[in-house]
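Values quoted throughout were computed directly from the atomic coordinates according to the rules given, and no laboratory measurement underlies them. Computed from a predicted model, the values in this text were never measured in an experiment. Cβ placement follows ideal geometry from the backbone for every residue including glycine, while neighbour counts extend to all protein chains displayed.
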Amino acid sequence: MDKIENKIKELRVFARNNFVPIVRNDTISKICSIIKEKEYSNLLEIGTAIGYSAICMLTCNTNAKITTIEKNKQRFEEAVKNFESVDLSDRVNPICGDALEELRRLVVEKKKFDFIFLDGPKGQYINYLPLLKKLMTDNATLFADNILLGGLIKNESLVNHKNRTMFTNMKKFLKEIENDSDFQTQIFEIDDGFSISMIKNSAE
């Protein structure tokens, strides 16, 4: 475990020095608490980056395995090396490709996951949602990160032409998950905001 903990610290430094966006500390702590509490073991991640969050999640439950999708080939290759360096390759199914296409494939293959960490392109969350629902088990949780878009959601005056589509799509996503009768959703304004949507028959 010391080897993994040292790697996690190393990746935090690497991310900071190389401007790689990784999940923030309070957010990953919340993710790990959910995985531990629910004993989730079949995880899906959209947005691997350098593998930091996937490694963290696998430490939350030593029986867990994760399928993680990353479009950027360079980041994907870095992540694979990082998984190998801490002997986690046998617990990771890394996929390099477009998330929408890969999610469709997983649906066709009838894959199921009990915890989904959504951290890919923010403007695509609304497009991923119907597919993610089909991939969730009856007791699953969907955790979506960065839903405040660096303050845009709380302050529309910051929205410009460049980020208008992302803003509009995120608003649609949040409305959808909050009004979806299959979910019990909570919104947290911690870090850059995250939502936790549990299938209702698993919610307490």
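The loop-placed chymotrypsin sites (Phe, Trp or Tyr not before Pro) in region 11-43, going by DSSP, that have at most 16 neighbouring Cβ atoms within 10 Å of their Cβ come out as Phe19. By its C-alpha gyration tensor, with a ≥ b ≥ c as the square roots of the eigenvalues, how is region 21-61 shaped: rounded for a/c under 1.5, else prolate for a/b larger than b/c, else oblate? Oblate, because a/c is 1.5 or more while a/b does not exceed b/c. Take the Cα pairs of region 131-176, get the Kirkwood Rh, then feed it into Stokes-Einstein at 25 °C and 0.890 mPa s and tell me D in µm²/s. In µm²/s, the coefficient is 202.
From the helices alone, meaning DSSP H stretches of at least four residues, give me the mean residue ellipticity at 222 nm for the chain, per-run term -39500 (n - 2.57), in deg cm²/dmol to the nearest 500.
Computed mean residue ellipticity for the chain: -14000 deg cm²/dmol.
Along its principal axes, the chain has C-alpha extents of 44, 39, 30 angstrom, given from the largest down.
Around the Cα centre of region 82-147, unit charges on the Cβ atoms of Lys, Arg, Asp and Glu (plus for the first two, minus for the last two) sum to a dipole of about 400 debye.
Filter Lys3/Lys30; Lys36/Lys73; Lys7/Lys73; Lys38/Lys71; Lys7/Lys134 down to the pairs with a C-alpha to C-alpha distance above 25 Å, please. Please report the intermediate quantities before stating the final value.
On the way: Lys3/Lys30 22 Å; Lys36/Lys73 31 Å; Lys7/Lys73 21 Å; Lys38/Lys71 29 Å; Lys7/Lys134 34 Å.
Where the Cα-Cα span goes over 25 Å, the pairs concerned are Lys36/Lys73; Lys38/Lys71; Lys7/Lys134.
The value for region 82-136 of Rg(Cα) / (2.2 N^0.38 Å) is 1.25. Ordering Phe115, Tyr52, Leu132 by Cα displacement along the dipole of region 52-184 toward the positive end leaves Leu132 in first place; charges were set at the Cβ atoms of Lys, Arg (+1) and Asp, Glu (-1).
With the Cα gyration tensor of region 18-130 giving a ≥ b ≥ c as the square roots of its eigenvalues, does the rule (a/c under 1.5 for rounded; else a/b larger than b/c for prolate; else oblate) give rounded, prolate or oblate? Rounded, because the longest to shortest axis ratio a/c is under 1.5. Distance from the Cα centroid of region 1-46 to that of region 124-175 is 21 Å (rounded to whole angstrom). When only Cα pairs below 8 angstrom with a gap of at least 6 residues are kept, region 1-158 shows a relative contact order of 20 percent. Taking the DSSP beta bridges with both ends in the chain, the antiparallel portion is around 35 percent.
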